[in-house]
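Laboratory data are not the source of any read-out in this text; all were calculated from the coordinates shown. Bear in mind that the values here come from a model prediction, so they are computed numbers and not experimental data. Cβ: placed from backbone, ideal geometry, glycine included. Neighbour counts: every protein chain shown.
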Amino acid sequence: MADRVEVDPTPIQRNAFDVAMELTDLYWRNSANADIEKIDSIFARFYATAKILQSTNYDLLRKYATDEFQR
């Protein structure tokens, strides 16, 4: 039996909800006049966008990526 067990780390996987939460948090922190109704609307937009992009063909999105990511 081995004295040492090695485990490869699993990469963190984010779903559309996680992405929307992080973007909303960034928006909230950088917005001087963010009220709860506006944040609610912003979250819904971020979530809808993330869900749509999640199922969009990569080739269609490639044109929007910056040059450094297009390699």
Max mean-square fluctuation residue, GNM over the chain, Cα-Cα springs under 10 Å, options 25, 59, 35: 59
Sparsely packed trypsin sites (Lys or Arg not before Pro) within the stretch 1-62, loop by DSSP, other Cβ within 10 Å at most 12: 4, 14
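Within the chain, report the GluC sites (Glu not before Pro) that DSSP leaves as loop and that have at most 16 other Cβ atoms within 10 Å.
6
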Out of (i) 12.4; (ii) 15.2; (iii) 13.6, which label holds the value of Kirkwood radius over Cα pairs in Å that was computed here? (ii)
Gaussian network model of the chain, Cα within-10 Å springs - most flexible of 48, 16, 32: 32
How high is the relative contact order of the chain? Use alpha-carbon pairs under 8 Å, at least six apart in sequence, and give a whole percent. 34 percent
Tilt, helix 16-30 to longest principal axis of the chain (alpha-carbon atoms), in degrees rounded to tens, equals 50 degrees
Cα long-axis angle, helix 36-54 against the chain (0 to 90 degrees, to the nearest 10): 50 degrees
On full extension of the chain, what length is gained from residue 25 through residue 69, given 0.36 nm per residue of separation minus the C-alpha to C-alpha distance? 13.4 nm
If the elastic network links every pair of Cα atoms under 10 Å, which of 58, 27, 47 fluctuates the most in the Gaussian network model of the chain? 58
